[in-house]
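Here's the structure we're looking at; comments come further down.
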Amino acid sequence: MQINLKINGVVHSVSVEPRVTLLDALRERIGLTGTKKGCDRGECGACTVHLDGKRVLSCTTLAVMADGREITTIEGLAHGDALHPLQEAFIEHDAFQCASRAIVTRQIHRRGDFGFRRRHCQAFVAIAAMKRALGRRYPVDSGSGAG
C-alpha cells in the first residue's frame, strides 16, 4: 500500500504493508534512526514522536494511520545546524532515550516521581539535570518516591 508521510516538513511516499509500524517505516523505509526501538511494546517511550502535534508511541502506531498527517521526530527539532535545547540536554547529560517521554509528557510530577519507585529508574538523575538545563522547575521531594 502506498502512503505519504509528512515527516519534519518533507513528504515521503513509501510502500508499506498494512501491519508495518510507524517506527519501522521511519527507521527502515525512510532512514530516520533518531526515533529508537526500545521495548517495542509502548512502555518505555523511546519511540515517541509527534503526530499532528500530539505525542504518540510509534511502535504501537501503524504507518497507514499516519498517511497524510504531520509527523515530527527528534531530527525535526533542530533548526539547521543548531540543536534544539532538548537535543543539547540529552547530549550534555548522557540521557537515556526513555527520558524523552518523561520530559515531553511532563510525567515527572511535582513530587518528582514517575508513578513508580524512583530507585528503579537509572535515568532519573539525567532527567532531573536535563529539566534544570531546560530551565523548567519541578521540585523533587526526598520521600520514598512511591507513586
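Report the Cα centroid-to-centroid distance between region 1-31 and region 33-72 in angstrom, as an integer.
Measuring centre to centre over Cα atoms gives 11 Å.
Going by how many other beta carbons lie within 10 Å of each one, how would you line up Val56, Val11, fewest first? Mind showing how you got there, number by number?
Details: Val56 19, Val11 9.
Going from least to most buried by this count: Val11, Val56.
Restricting to Cα pairs below 8 Å that are 6+ residues apart, what does the relative contact order work out to for region 1-85? Please round to a whole percent. Before the final figure, lay out the partial values.
Values: 155 pairs, mean separation 28.7, N = 85.
About 34 percent, as a whole number.
Every read-out reported here was derived from the displayed coordinates using simple, explicitly stated rules and does not represent laboratory data. Given the structure is predicted, the values throughout are model-derived calculations rather than measurements. Every residue, glycine as well, gets a Cβ built from its backbone with ideal geometry; the counts of neighbours run over all protein chains shown.
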